[in-house]
Amino acid sequence: MTETAFQQANRGCWSGGWVRFRKNRTGMAGAVIVVILYLMAVFAPMLTPYDPVSQGPLPEMRHNAPGWSHPLGTDKFGRDVLARVLYGSRISLAISFLSVSLSVILGALAGAAAGYAGGWIDAVIMRVVDALMAIPRLFLLLTCIALFSNSVPLVIILLGATGWMATARLVRGQVLSLRRQDFVVAAESLGAGGRRIIFRHLIPNTLTVMIISATLRIGGIILTEASLSFLGLGVPQPIPSWGRMVFEGREVLLGAWWVSTFPGLAIIATVIGYNLLGDGLKESFDPVHFS
Amino acid sequence: MAAFLLRRILQSLILVWIVLTITFFLLHLAPGDPMARYDHPDISPETVALMRERLGLDRPVVEQYFRWAAGFARGDFGVSFRYNRPVASILAETIPNTLRLTVASMVLYVVTGIVLGMMSAARRYSVFDRLNTIIALFVYSIPSFWLALMLILVFSLKLGLLPSSHMQSLDSVSLSGAALFFDRAKHLALPAFVLGVASAAGLARYMRGSMIDVLREDYIRTARAKGLTEASVMFKHAFRNAAIPVVTILGMSLPFLLGGAVIVEKIFSWPGMGGLMVDAIYTRDYPVILAVNFVVAVMVIMGNLLADAGYALLDPRIMARQTDR
């Protein structure tokens, strides 16, 4: 298969972007934070000897202050807070990655269909986008959670299904400008169908913008998931989740500040990492920024 | 302009109605029973059946929908399953409380965001600007519930300066005038700070970018060349133009603030719609869930319309374009 001139230009843009990204200190700092977090999530069993779920001997292990044996202390069930923070990163990172992927896929399909088809299809899709954006996301999520009992797959699906609207708008805008480009007109004149044009020509050319916007949104998703878990409507017990851990520590703030503080700091570090990475990607790959 | 706004209102209301209809059917067809909370040995099945009949839950879903829709159109939001009171009267108590919190947060949000953004833009790349960017990034990444807990830990539990919950003190009935105002302001301080100032980080970043773009314009150079003071250039010439895109952000931030109010109200035991919504979720109080969603959607639409109107006021060209159509 031969490359089109547009694809060659696009490839050039990617390699140039990587050169710019490697020189971008903000982006690289974010990338380092995110890579460290993923390594901690993957190697959690090697980093702590404690189990995040099983209880310690009570009452002597309850709310032990940070020390040599438990660097971040223990919670009311005598569980090691460091172990729960480390294992909690698996849940937080997995949920945010999967739900952002789902929302990007849904948004890309809806946005590309709206932008390419135009007419009433465009009008219907964009009005649905407007309607869903008119309701605060947390209200929408809480309403949906009211329907089913909360579970990890449900949280992923809901976060994905309620977060596709911004991507749809973005992709629609891109597709509207791309569809008049020569390579799309050429594909149409060669008899390519709508589905082929959307999947082979339009969506691949919006990938850069989609990846940047997805990275910038992961931070927000992590905060939303943590908020849901804080309200007891996200990740169910006893799976360690940062939001729930902060909630569990709120009754003992004065006596055992470490139970709430460290999971909160973990959330902040993750969100900062993704925001820096997203900013770096935007500055390096987004044509509006580097031109 | 009026026709444009009217068309926008009508379109939005139709959309809200569609969303509410979908929510209604999902709520009623999903597993789970709002009467399950009366599943108790002391409550006879006949009593539960009677309550079910009284609330209309024994009727077919489609009939329930039309009864609900007809009531809704008349402003009757039904009876709360949990409180056994008209939803409208519960909302009448909670909406002003949420508005008080949201408006106070909005003021803090706008003032802090715009002032910090303008100061950063005026001293671009200075130590202040860099520090501001770093703090903004940090604050932007803090979960509101964690910030709330840390502030309670410091200002309520350690220092004992500010109350950690409710809208006013228990003995506030004996207070009046300035004392009552001061008591309420003290209770409002922490929740409004968490909701407003924490969100202002994003606005400050946006304002900085918008201001920097404007400061590059020729008319700013002209204003400076005319010998105007820096304050006059910044406020009279740059601010008004830089504020135009920010107004859109303000309109869009209302859903964000109302969503954030859910968490903040829950933590600070603030008797508003957010806390009401969370409790309604736990108890499957359908009429309350639907009514709160409706009210919140209407508030958001009104916020967006106000933003559009503000946009037109700040930039007369937009008004002219609308009139041309």
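Where a number appears in this text, it was derived from the coordinates with a stated rule and is not lab data. Bear in mind the structure is a predicted one, so any value in this text is a computation, not a measurement. Neighbour counts are summed over all protein chains in view; Cβ atoms, including those assigned to glycine, are modelled from backbone coordinates with ideal geometry.
Things to note:
- Peptide A:119-129 shows a mean partner chain C-beta count of 1 within 10 Å per residue C-beta.
- Within chain A, longest stretch free of exposed chymotrypsin sites (Phe, Trp or Tyr not before Pro) [DSSP loop, at most 11 other beta carbons within 10 Å]: A:69-291
- Residue-averaged beta-carbon neighbours from other chains (10 angstrom radius) around A:145-155: 3
- Relative contact order computed over chain B (Cα-Cα under 8 Å; 6+ residues apart), in percent: 27
- Membrane-span-like helices in chain A, defined purely by DSSP H runs whose alpha carbon atoms cover 18 Å or more axially and whose average Kyte-Doolittle hydropathy reaches 1.6, are A:25-42.
- Calculated FRET efficiency for the pair B:Tyr282/B:Phe182, C-beta based, R₀ 45 Å, to 0.05: 0.80
- Base-10 log of normalised Debye intensity for the protein assembly as shown (one unit scatterer per alpha-carbon) at q = 0.05, 0.12 Å⁻¹: -0.25, -1.49
- Between the Cα long axis of helix B:177-192 and the first principal axis of chain B there is an angle of about 90°, rounded to the nearest 10.
- The mean number of partner chain beta-carbon atoms within 10 angstrom of a residue's beta-carbon across peptide B:142-155 is 6.
- In this label model, B:Ile9 and B:Leu306 are separated by 1.5 nm, measuring between points 7 Å along each Cα→Cβ vector.
- Cα long-axis angle, helix B:45-54 against chain B (0 to 90 degrees, to the nearest 10): 50
- Over chain B, the fraction of Cα-Cα pairs per 20 Å bin, rounded to whole percents and listed from the shortest bin up, is 25, 48, 23, 3, 0.
- Sparse packing (at most 14 other Cβ atoms within 10 Å of the Cβ) combined with a DSSP loop state is found for the following chymotrypsin sites (Phe, Trp or Tyr not before Pro) in the stretch B:25-131: B:Tyr125.
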